[in-house]
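The values are calculated or read from the model by the stated rules, or taken from the named source; none is laboratory data. Treat the numbers as computed from the prediction; the structure is a model and nothing was measured. Cβ placement follows ideal geometry from the backbone for every residue including glycine, while neighbour counts extend to all protein chains displayed.
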Amino acid sequence: MNNKNSAELLFPHITKKISDYDTIYPKRILQEGAKVTRLGPSPTGFIHLGNLYGAFVDERLAAQSDGVFFLRIEDTDDKRQVEGSVEVIINSLNFFGIKFDEGVTIDGSVGDYGPYYQSERGSIYQCFAKELVERGLAYPCFLNEEEISSIREEQEKTKQNPGIYGEWAKNRELTYDEILANIDAGKPYVIRLKSQGNPNAVGDEVKTISVEDGIRGILVMPENVQDIVILKATGIPTYHFAHVVDDHLMRTTHVVRGAEWLSSLPVHVELFNVLDLKMPVFCHTAQLMKLDEEGNKRKLSKRLDPELSLEFYKNQGYHPRSVREYLLTILNSNFEEWRIANPDLPMEDFHFTLEKMSNSGALFDLNKLNDISKDVLAKIPAKELYVWLKDWATEFHPEANILFENNEDYFEKILDLGRSGNNPRKDLIYASQIFEFISYFFDDTFKIEDKNPENISDEDAKLILNAYIASYDHSDDQSAWFNKIRTFGLTLGYAAKPKEYKKNPELYKGHVGDVSTVIRIAVMGRSQSPDVWEIQQILGEEKTKNRILKQL
Ligand code: GLU
């Protein structure tokens, strides 16, 4: 009776029972095996690769099983909230193809299991807390900061575990009258779980919990003994309590979250147990790591690694499909093998599994992302690349907008350069790199970047270009064009083949490769580029000739 009265005293305004909420949020009607997953970001304004990595797992699990993936905003910590961050979260994830079926959206919430903002769920948490108090499994704790610090000092002095538990939990057994007196005295209080663990157990007596993690397999950990706070003095829940209540009522089947939550798993297990709720499958993902300059693995850091921020990929102009494909590569160890066997299937056809996820630290490598991106872009038709580049430029590179005016055909030819046939060129990686890569096609951005080969003097270069312009016929096919270069090259003293030059260097000024390089630099500004003849065909006769003439 005492507990019931205390619960009433603490939560007079809470009239619903847990069972009422179970009726309001019934079991979801989904097909057998359907997974319900959620992303629970805090709206701090920083959304990073780790969020995307986790969201990707959530999305795949739900999508592959015809389940539900929802967005819940964990906004219980006022201090860390940043205006506009919910939009940033939704838009950033959407950019990478992560879409939610339910929960918070830009235009309000969608779904029957809301509210999806934790800040709007106060009375739900309080209802659960009330019932725990009623059942003697939670209690109000009036210890103030000073008292808690002196407990900590005492524990440090006597080398005991820190925290409020067992004998240190001085308010564990307060009577109704004592609680009433404290409240009347205006003392603030939190609600603590009355842990059922045994804090006095040592050695073999320590009970353990065993949880089968979806990624890590069976985890055995010591049971919780701490009387952790479930409701703060403001009535707002801690992460632990909100997680258990929400994931129960929202009928989450799989909780995918970072490894930083592993250490509090025993707390969550105890909360599920005392509330007599079925636990979801926990899936603790690996930390994202990278190799530093010395070749050591370290965690990706907000301060040191710009690539941790999702904005980085947008700003550079990575294609979302490249990032998705790369993430799958680090998420599932068998993806690369599958990709080799199925080069043309959409990545969504790959069956993602938790079992193939690494649990020891996923290694993130920008070079590998770039390699994957080359393959991904090589398969995207030029028309589609054009639209994507145009959209990206509008937002991130507006100075390039002018290049898109009445230039669609021209642009597509550029993007398609060397991409047909069995062995297509793979030099397009991300939008900003592509603009740089193709800049020579546009007079506004064309510039001579490289120098002629060392063995060619400026005078000799001019002789080459003069001969070239004299013999130039835009309608020559590729072999006729090259034969002309070879022929006038020979007349000017350049071997028709590099081999001949190597054999008798004293007989020549250089070889046909040097001649082509001089032409290449005059036309493209660079010594390395795709096929010159093809480029000239795209540039057109006038532009090509003008560029040569400019160097004379
Ligand atoms: N709000 C938590 C965070 O941002 C979510 C953790 C979870 O997914 O349970 O880390």
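Results, tabulated for the structure shown:
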| quantity | calculated |
| --- | --- |
| Matching entry among 256, 225 (being crowded, with 18+ Cβ neighbours inside 10 Å, more than 25 Å from residue 353 (Cα to Cα) and in contact (Cβ under 8 Å) with a residue 24 or more places away in the chain) | 225 |
| Near pairs, Cβ below 8 angstrom, 6+ apart or cross-chain, from segment 333-358 (farther than 16 Å from residue 214 by Cα) to any residue that is surrounded by 15 or more Cβ atoms within 10 Å (Cβ to Cβ) and of a type in the set (Lys, Arg) | 347/321; 347/324; 347/339; 350/339 |
| Helices (runs of 4 or more DSSP H) lying entirely in segment 1-81 (those with 1 or more residues that are within 16 Å of the ligand (Cβ to nearest atom) and under 34 Å from the mean Cα position of the chain (by Cα)) | 49-64 |
| Per-region count, segment 321-345, residues within 17 Å of residue 358 (Cα to Cα) and β-branched (Val, Ile, Thr) | 2 |
| Residues within segment 450-478 that are farther than 18 Å from residue 536 by Cα and not small (Gly, Ala, Ser), tallied | 12 |
| Residues of segment 334-377 satisfying the condition of being of a type in the set (Ser, Thr, Tyr) and surrounded by 14 or more Cβ atoms within 10 Å (Cβ to Cβ) | 353, 358, 373 |
| Tally, over segment 187-220, of residues that are modelled with pLDDT under 95 and either closer than 14 Å to residue 268 by Cα or of a type in the set (Asp, Glu) (or both) | 2 |
| So residue 443, is it out of contact with any helix residue (DSSP H, G or I) (no Cβ under 6 Å at 6 or more places or on another chain), loosely packed, with under 13 Cβ neighbours inside 10 Å and assigned to a helix (DSSP H, G or I) | no |
| Neighbours by Cβ (under 7 Å, 6+ apart or cross-chain): first from segment 292-321, in contact (Cβ under 8 Å) with a residue 24 or more places away in the chain; second surrounded by 15 or more Cβ atoms within 10 Å (Cβ to Cβ) and acidic (Asp, Glu) | none |
| Search result, residues across segment 241-267 that are within 10 Å of the ligand (Cβ to nearest atom) and touching an Asp or Glu at 6+ places or on another chain (Cβ under 9 Å) | 242, 243, 246, 252, 255, 256 |
| Residue under evaluation residue 212, criteria (1) away from the ligand (no atom under 16 Å from the Cβ); (2) under 31 Å from the mean Cα position of the chain (by Cα); (3) closer than 25 Å to residue 191 by Cα; (4) of a type in the set (D, E, K, R), criterion not met | (3) |
| Subset of segment 453-509 that is assigned to a helix (DSSP H, G or I) and of a type in the set (Lys, Arg) - its residue that is farthest from residue 528 (Cα to Cα) | 503 |
| Breaking point among (1) surrounded by fewer than 19 Cβ atoms within 10 Å (Cβ to Cβ); (2) within 14 Å of the ligand (Cβ to nearest atom), for residue 277 | (2) |
| The listed residue being over 23 Å from residue 551 (Cβ atoms), surrounded by 15 or more Cβ atoms within 10 Å (Cβ to Cβ) and not charged (D, E, K, R), out of 402, 456, 380 | 380 |
| Hits in segment 459-471 (condition: crowded, with 18+ Cβ neighbours inside 10 Å and touching a residue at least 60 places away in the same chain (Cβ under 8 Å)) | 461, 465, 468 |
| Any chance residue 227 is within 16 Å of the ligand (Cβ to nearest atom), out of contact with any helix residue (DSSP H, G or I) (no Cβ under 7 Å at 6 or more places or on another chain) and at pLDDT 95 or above | no |
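One line per residue, one yes/no per condition, for (1) within 28 Å of residue 98 (Cα to Cα); (2) touching a strand residue (DSSP E or B) at 6+ places or on another chain (Cβ under 7 Å); (3) surrounded by fewer than 17 Cβ atoms within 10 Å (Cβ to Cβ); (4) not small (Gly, Ala, Ser):
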position: 230; (1), (2), (3), (4): no, yes, no, yes
position: 242; (1), (2), (3), (4): yes, no, no, no
position: 260; (1), (2), (3), (4): yes, no, yes, yes
position: 273; (1), (2), (3), (4): no, no, yes, yes
position: 284; (1), (2), (3), (4): yes, yes, no, yes
position: 288; (1), (2), (3), (4): yes, yes, no, yes
position: 297; (1), (2), (3), (4): no, yes, yes, yes
position: 301; (1), (2), (3), (4): yes, no, yes, no
position: 322; (1), (2), (3), (4): yes, no, no, no
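Every residue, every condition in (1) crowded, with 19+ Cβ neighbours inside 10 Å; (2) under 21 Å from residue 443 (Cα atoms), yes or no:
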{"site": "473", "(1), (2)": "no, no"}
{"site": "476", "(1), (2)": "no, no"}
{"site": "501", "(1), (2)": "yes, no"}
{"site": "523", "(1), (2)": "yes, yes"}
